[in-house]
Amino acid sequence: MNATRRDTMKLTIESMTYGPDGLARTDDGKAVFVTGGVVGDTVEADIVSTGASFDRAVVREVIDASPSRVQPPCPFVGICGGCPWGTLASDAQRAAKEDNLRSTLKRIGRFTDEEIARIVRPIRHAKDAWGYRNKIELAPAHDAGRRFRLGMHGVNPDDIVRVDACPLFDKKYPRAVKAVAGALSYLGNSRDLGIERVGIRASRRTKALEVALWTPTGGFPRAQVARVLQDAVKPTSVVRVMSKGDRRARRVAGVEALFGEGSWTEQIGSERMRLSAPSFFQVNTAAAEILIELVMDALHPTEDEVAIDLYCGAGTFTLPLARRSAYVAAVESYGPAIRDLRRNLETAGLDNVDAIGGDAVREFPDEDADVLVVDPPRSGLDEQAIGLIASTSARDVAYVSCDPATLARDLRRFTDEGTFEVVSATPVDLFPQTFHCETVAHLTRTDR
């Protein structure tokens, strides 16, 4: 692959990275991360930065398109930042995610090829590759005439792209994005609403549609905003999430219902869950049910056993664990989520759960455990948490991860600690059209 000009190269994309780019190599083996290319493409690319170990490039022209290159249903792929893999066929996306997990387990986790072949299971996925998201967010901006508008972050996060629809959003609500953006743009041009972001959650199962407005504390035209949004989008709930603090570390100061139920309801498996706007919930409900299935298959809790659920959120795993176990100790540090969990337990009629608010390490349950599930943030588990988990007599652990690098690191820590061995790691494609992927790892005790 020779340079055709000093800053342009002909490159063939060899694989997809854990990121938006394809990976190519120069004739002398130097890695080039190529934006706009998919695996199998031969492209002419402009080199935009060079480094000691790798370069970065942007596709100027696709010379020979990959058999895996497809035409996406969204005209904003490559402009909006939401679908960096939107031009890659679904089967090729899933193959790349499997490959990324394997390579990360080898590179960071230091597992051998033989161990990885034994551990990594075929990727699981739900039916819909588009129209699967139950939530999207819109960001505010002002155009050249200082008129207020809402859109989505572009490939450059500082750019806000105006869109009328999002093919990733639940296909049962095709007009919701345009209706919400139009209504709030109309209001925002007559007065400053102070909107920092707007969340829209929709459920095809419960027919719930919530609009959440994130603003600073202070005055707000509650009645007018609620009335205009009711007319535009017919929501079941409109809420205002008030936040304060430094913009880089905003915290929720309160949530107020402007209209309707004041929360969003979703059906996941056999459970009906209510969630406040600040609470996390997986954006792909159908694929999240696969996570639950894998966790329960790994743990096989029985009616006389004790379970621990760390980083439990609003109860995605807590509720099914409580149906199958004698007792569950569930720990969550985020206030809105633990309050949602308590409400969901009450609604479900489950009284065998201790919902503990606080840090997973500082509030690690006193009860010993037979089975344990962890669903930590992207940063993974604290080393102290791994030691605490090892100190229990838990026979099996299910580790739900949203980041293969921290998962690989933590699985190596568990393995080196000597108490658990890794039985399996199953990737689950919760986020088609992106490089993100969840993984459920099953660990079993070796010293029992």
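The values are calculated or read from the model by the stated rules, or taken from the named source; none is laboratory data. Since we're looking at a predicted model, the values are computed, not measured. FYI the Cβ positions are ideal-geometry reconstructions off the backbone, even for glycines, and counts take in every protein chain you see. Each accessible area value is taken on the protein alone, full model and side chains, heavy atoms only, with ligands, DNA and RNA left out. Shrake-Rupley method; radii C 1.70, N 1.55, O 1.52, S 1.80 Å.
For Lys135, a cut-off of 15 angstrom between C-alpha atoms picks up these aspartates and glutamates, skipping any fewer than 8 places away in its own chain: Asp170, Glu210, Glu266.
May I ask for the net charge around Thr35, where only other residues with Cβ less than 13 Å from the Cβ of Thr35 are counted and Lys, Arg are +1 while Asp, Glu are -1? Present the calculation step by step, with values, prior to reporting the outcome.
Working: positive: Arg56, Arg60; negative: Asp21, Asp41, Asp46, Asp55.
Around Thr35, the surrounding residues sum to -2.
Placing a label point 7 Å from the Cα of Arg324 along the Cα-to-Cβ direction, the residues of region 361-404 whose backbone N falls under 13 Å from that point are 371-373, 396-399.
Could you work out the local net charge near Glu137, counting Lys and Arg as +1, Asp and Glu as -1, over the other residues with Cβ closer than 11 Å to its Cβ? List each step's numbers first, then the result.
Working: positive: Arg133, Lys135, Arg197, Arg201; negative: Glu196.
Net charge in that neighbourhood comes out at +3.
Computed from backbone phi, the HN-Hα couplings of region 241-250 come to 9, 8, 10, 8, x, 4, 4, 7, 9, 5 Hz, rounded to whole numbers (Karplus: 6.51 cos²θ - 1.76 cosθ + 1.60, θ = phi - 60°; Gly and Pro given as x).
How many Å² of accessible area per residue for the chain, probe 1.4 Å?
On the way: 19870 Å² over 448 residues.
Per residue, the chain has 44 Å² of solvent-accessible surface.
Summing Lys and Arg as +1 and Asp and Glu as -1 over all other residues whose Cβ lies under 13 Å from the Cβ of Ala65 gives a net charge of -3.
With the simple spin-label model, which puts each label point 7 Å out from Cα in the Cβ direction, the Ala141 to Arg445 separation comes to 5.5 nm. Of all lysines in the structure, those lying under 19 Å Cα to Cα from Lys97, and not within fewer than 8 positions of it along the same chain, are Lys106, Lys127.
Let a ≥ b ≥ c be the square roots of the eigenvalues of the Cα gyration tensor of region 1-132; is it rounded (a/c under 1.5), or, if not, prolate (a/b larger than b/c) or oblate? Before the final figure, lay out each step's value.
Numbers: a/c = 2.22, a/b = 1.20, b/c = 1.85.
Because a/c hits 1.5 or more and a/b fails to exceed b/c, region 1-132 counts as oblate.
The helix-based estimate of mean residue ellipticity at 222 nm for the chain, built from -39,500 (n - 2.57) per DSSP H run of four or more residues and divided by its residue count, is -7500 deg cm²/dmol to the nearest 500.
Thinking of the chain as a set of Cα atoms, what percent of all their pairs are more than 26 Å apart? Don't skip to the end; give the middle numbers.
On the way: 61571 of 100128 pairs.
In whole percent, the long-distance tail amounts to 61.
Applying the Karplus relation 6.51 cos²θ - 1.76 cosθ + 1.60 with θ = phi - 60° to region 46-61 yields 3J(HN,Hα) values of 8, 6, 9, 7, 10, x, 5, 10, 7, 10, 10, 9, 10, 5, 8, 8 Hz, where x marks Gly and Pro. For Glu14, the accessible surface of its heavy atoms amounts to roughly 100 Å² (probe 1.4 Å, protein chains only, rounded to the nearest 10).
Taking amide H positions as modeled 1.01 Å from N, with prolines and chain starts lacking one, the residues under 5 Å from Ile268 and 5 or more places away or on another chain are Met273.
Going by the alpha-carbon gyration tensor, a ≥ b ≥ c the square roots of its eigenvalues, is region 67-223 rounded (a/c under 1.5) or, if a/c is not under 1.5, prolate (a/b greater than b/c) versus oblate? Note, shape of region 67-223 comes out prolate.
If you restrict to DSSP beta bridges whose two residues both lie in the chain, what percentage is antiparallel, to the nearest 5? Walk me through the numbers before you get to the answer.
Numbers: 66 of 101 bridges.
Here the share of antiparallel DSSP bridges comes out near 65 percent.
Assign one of three labels to region 150-220, namely rounded, prolate or oblate, based on the Cα gyration tensor with a ≥ b ≥ c the square roots of its eigenvalues; rounded applies when a/c is under 1.5, prolate when it is not and a/b is larger than b/c, and oblate otherwise. Mind showing how you got there, number by number?
On the way: a/c = 1.88, a/b = 1.30, b/c = 1.44.
Since a/c reaches 1.5 but b/c is at least a/b, the shape of region 150-220 is classed as oblate.
Residues whose amide H lies under 5 Å from that of Ala394, counting only those 5 or more places away or on a different chain, are Ala369; hydrogens are built 1.01 Å from N in the peptide plane.
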